[in-house]
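**Student:** Here it is, the structure in full.
The values are calculated or read from the model by the stated rules, or taken from the named source; none is laboratory data. Quick caveat: nothing in here was measured; it's all calculated off a predicted structure. In this analysis, Cβ positions are derived from the backbone assuming ideal geometry, glycine residues included, and neighbour counts consider all displayed protein chains. We work out accessible area using only protein heavy atoms, side chains counted, and drop any ligands, DNA or RNA first. Shrake-Rupley method; radii C 1.70, N 1.55, O 1.52, S 1.80 Å.
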Amino acid sequence: MGALRASGGMFSPVLLARLKLAALIVGLGAVAVVMALAALIGSRDFSQVPARVVASFQAETGGLLRLGKAEMRYWPQPRLVFDRLSFEHAGAGISLHSGRAVLRIGLADLLDGSIDQPHLELSAADIRLDPEPFRLAAASPRGLIALLDQLSASFAGTRLAGARVTLSQARISMASAGQASPDFLLEPVDARVRYRAGAGRLDITARRNSSLRPLEFSASLPTARALVDQAPRAASARISGFGSRSTFEGTMIRQADLALNGRIDVTVHDDLARLMGVSLRRPDRAGEEQTRVAGTLLLDTRGGGLEALTISRGDGSLSGIASLRENAGRWGISATLAGDLVDGTAAHAALQRLRAPEGNWSRAELDVNPASRIDLDLRLSTKVFRLGRVALENAALSIFTRRGRAEFSIADSRYAGGTLKARVSVMERPGGQDLRFQISGDRIESETLLEQAFDLSRLRGISNFVLQGDSSGKTIAELAANLNGSGGVEIRSGTIIGIDANRLMARIAESRPEAALLASLGGRTPFEILSTHVTIRNGRIEPVGSNLTAPRMIGLLEGAIDLSAQRHDLAIVLRRREDQPPLPNDFFAFRIEGALFAPQLRPDLSLLARRS
């Protein structure tokens, strides 16, 4: 108490009186302001507000706005509550219907008597969008720029200084006129659109609420009126969902056409890739990963480019440049990239899908186009490109796709001391597909190729080979059954490992054939030349000329490989050379039988008897 008295003694009676007078004046002023505002609000004719708002919105947007029955409420903020609201814009393909709408009136509008900064709040609105502009945007640069141009021109008049539209629990769908079920549906969605005429900005945020798969979108764009001076204006956009995100930070400018320039950064998670029908996951990696694409984007209606482009996934990456063009109403991407991201694991997985789980040829179509809606022309360089155990070094690859057509090639690669090249093309046609392929090798070590490709290590020597073919069919199984083509292989100064065929032919007169075979096992057979030519007719590979020349004998290859049945039925017949001394039995034979990818080699004494 003493302390209070002491503190109270610090103020003189005169000062206390003045403070009380000031407080009274402030209180009376506040009451006066409130009464003035109340009188001002009471003097306004709010019955004319809906008509003015409708006129302003329609002049700004070019659409048709309809408001239902209105109820005026004053506390805690003046507002009009409508029992329904609808907005139609045929040119933009937008239809909006809401069962309840609230128009909030700001203090500035109350003071000057105009409603030029309205704030609309819509609950459970049903929004329908025409999917055609979005289809065009996904199909070509011209369509994307047209969509952005339409969005920036959403408010193009001079009647409003600003506007805000807030949506809660909205339903957004895309469907063409008369279409029963939508192509695309999002609900529930909370969104906000803010227009600022003075700043020349249009800001949009939206979120699909979901505990499992939320989606978020935001954009800040210059308005069409802000771009008339042909100066660049800041622009940004971001979309995220399914563990993925895409961002753009840069500028928009309108000169001859609308153009974008800025940094783009896209991260695609495996979840989104699967939803899009794209396989980005590497079969040799466990768990989920993200693929990131980043670069500097320049885009207008004619196309554009990506500079300082990087594509990374896990510990692999690609870098280079790309150009974006419109090709017959489709996105066309041309790129030159180098790095270690494209290592062949995805290509090897595609080869594995040629067969069904039970081992037969698949009854599905041959799907080789990684992006059927985009035209690709890619040049890729990688240090190592693996197809299973076959590891190609310093590989130059190309991917070329058009509508209904895909071509893949290994333009050049180093492998097993030599070079290997390959090309596969698939053309869609009514009722099926046309397939063409070619593979060639020059000065390749046979032992490395056979061991890595077929798990065989019985042949050594430098080889040259070529195989080409074509086919038609609806499924992979039909393509295998209808395959036609030709090929050939030649190996000089080589060695057959595991058997000494020269000893076999020399001892065949001394004992029974089984004993001669046993004595020759574990040895080696040097040969001067091994060559064979094959023809492929309706899925059957048949040798049409073969030759194995060794010091004491020659060899022939007979029979066929049935691709449709995936079976080997071949015979290797060894015969004494004519320049060698005659023997009681001049022949020996082996049979190659079994599954296409697991053949077995065994001596064929019955064939030997028939030859004798």
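**Student:** Compute the distance from the alpha-carbon center of region 333-381 to that of region 415-466, in whole Å.
**Tutor:** Between the Cα centre of region 333-381 and that of region 415-466, the gap is 17 Å.
**Student:** When only the heavy atoms of the protein chains count and the probe is 1.4 Å, how do Thr247, Thr205 rank by accessible area, highest first?
**Tutor:** Working: Thr247 30, Thr205 70 Å².
Listed by decreasing accessible area, they come as Thr205, Thr247.
**Student:** Any idea how far apart Arg104 and Arg213 come out in nm if each label point goes 7 Å out from Cα toward Cβ?
**Tutor:** Calculated label separation equals 3.3 nm.
**Student:** Now, a different point. So for each of 428-437, 360-369 I average, over its residues, the number of other beta carbons within 10 Å; can you give me the resulting order with the highest mean first? All intermediate terms of the calculation are to be shown ahead of the outcome.
**Tutor:** Working: 428-437: 14.5, 360-369: 16.6.
Top of the packing list down: 360-369, 428-437.
**Student:** Could you sort 178-191, 337-350 so that the peptide with the highest average Cβ count within 10 Å comes first and the rest follow in order? Each step should come with its number before you reach the end.
**Tutor:** On the way: 178-191: 13.0, 337-350: 17.7.
Order by mean packing, descending: 337-350, 178-191.
**Student:** Mind checking the full-extension length gain between Thr166 and Leu556? Use 0.36 nm per residue of separation minus the Cα-Cα distance, one decimal, nm.
**Tutor:** Length difference between fully extended and current span is 132.1 nm.
**Student:** Working with all protein chains in place, sort Glu393, Glu558 by solvent-accessible area computed with a 1.4 Å probe, largest first.
**Tutor:** Numbers: Glu393 105, Glu558 65 Å².
Correct descending sequence by accessible area is Glu393, Glu558.
**Student:** Taking the Cα centre of region 124-224 as the origin, how large is its charge dipole in debye, to the nearest 20, when only Lys and Arg (+1) and Asp and Glu (-1) carry charge on their Cβ atoms?
**Tutor:** Details: 13 positive and 9 negative charges, 68 e Å.
The calculated dipole for region 124-224 is roughly 320 debye.
**Student:** Something else about it: Near Arg460, within a Cβ-to-Cβ distance under 15 Å, what is the net charge of the other residues, with Lys and Arg +1 and Asp and Glu -1? Don't skip to the answer; put the middle values down first.
**Tutor:** Values: positive: Arg443, Arg458, Arg492, Arg524; negative: Glu445, Glu447, Glu451, Glu490, Asp500, Glu528.
In short, -2.
**Student:** With a Förster radius of 25 Å, plug the Cβ-Cβ distance of Arg84 and Arg135 into 1/(1 + (r/R0)^6) and report the FRET value to the nearest 0.05.
**Tutor:** Values: r = 31 Å, r/R0 = 1.24.
That pair, Arg84 with Arg135, gives E of 0.20.
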